[in-house]
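Below is one structure, written out as structure tokens; the observations come after it.
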Amino acid sequence: MAKNEAIKEKANVTGEMVGEMIKSAMPTFTKEQLVKSKKYEHRRDALNALLQDGKAYSYAQVDEILNKFDKGVR
């Protein structure tokens, strides 16, 4: 563990930066693709209301948006 921390310090990499790199490597889909997908067929109405036209989303982002919606978080 200490070795990993030392490597991070030398590389000047933060956990947030690593998270962003992982997110950027995930495939993304348009609102239209997600609404038509079998994965979200039971949430089509919510996706139409919550997602923006012309913006691309990863599955993780969509799941987070839906979870917040379900909990009533804005």
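Pick from the stretch 31-65 the residues that are among the aliphatic types (A, V, I, L, M) and free of Cβ contacts under 8 Å to residues at least 24 places away in the same chain: which of them is surrounded by the fewest Cβ atoms within 10 Å (Cβ to Cβ)?
ALA49
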Checklist entry - Are any residues in the stretch 26-44 among the charged types (D, E, K, R) and out of contact with any helix residue (DSSP H, G or I) (no Cβ under 8 Å at 6 or more places or on another chain), and if so, which ones? => result GLU32, LYS36, LYS38, GLU41
Checklist entry - Hey, VAL13 hits all of (1) modelled with pLDDT under 95; (2) in a loop (DSSP other than H, G, I, E, B); (3) surrounded by fewer than 10 Cβ atoms within 10 Å (Cβ to Cβ) but one; which does it fall short on? => result (3)
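The values are calculated or read from the model by the stated rules, or taken from the named source; none is laboratory data. Every value quoted in this text rests on a predicted model; they were computed, and no experiment measured them. Glycine gets a Cβ as well: all are built from the backbone with ideal geometry, and neighbour counts include every protein chain shown.
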